[in-house]
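Report on the following structure.
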């Protein structure tokens, strides 16, 4: 199983190499443009970051648990920005 650091690194690589800004990445994965990333949208992000299919669901749940400050079980733009900032510092 991939380590937390490996997963965070893959997410960072995806965002920095495939999108001009984190906001562009967020808009890309927010398929219904409601301003919130749902579990399924986060799983798509993890798929594009080449996270193993077996653990995508687990990782998506952990990301929501770790970064959903509002408690609505979604990741909004402000929460995503905070997550990306933390990932960049840890990489």
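The values are calculated or read from the model by the stated rules, or taken from the named source; none is laboratory data. This structure is a prediction, so every number in the text was calculated from the model and none was measured. A quick note on method: Cβ atoms are made from the backbone with ideal geometry, for glycine too, and the neighbour counts reach across all protein chains shown.
Hey, can you tell me all the residues within segment 57-76 that are closer than 18 Å to residue 12 by Cβ and either surrounded by 18 or more Cβ atoms within 10 Å (Cβ to Cβ) or modelled with pLDDT of 95 or more (or both)?
Result: 59, 60, 63, 67, 75.
Please find, within segment 6-46, the residue that is nearest to residue 80 (Cα to Cα) out of those that are exposed (fewer than 13 other Cβ atoms within 10 Å of the Cβ) and touching a helix residue (DSSP H, G or I) at 6+ places or on another chain (Cβ under 7 Å).
Here the residue is 35.
Collect the residues in segment 1-22 that are part of a helix (DSSP H, G or I), more than 12 Å from the chain's Cα centre (by Cα) and touching a residue at least 24 places away in the same chain (Cβ under 8 Å), keeping them in residue-number order.
5, 18
Of the residues 81, 86, 48, which is at pLDDT 95 or above, within 21 Å of residue 24 (Cβ to Cβ) and within 12 Å of the chain's Cα centre (by Cα)?
48
Quickly run through segment 1-20 and pick out the residues that are at pLDDT 95 or above and either over 15 Å from residue 50 (Cβ atoms) or touching a strand residue (DSSP E or B) at 6+ places or on another chain (Cβ under 8 Å) (or both).
Result: 19, 20.
Taking segment 42-91, which residues are at negative phi and in a loop (DSSP other than H, G, I, E, B)?
49, 51, 52, 68, 69, 70, 72, 74, 91
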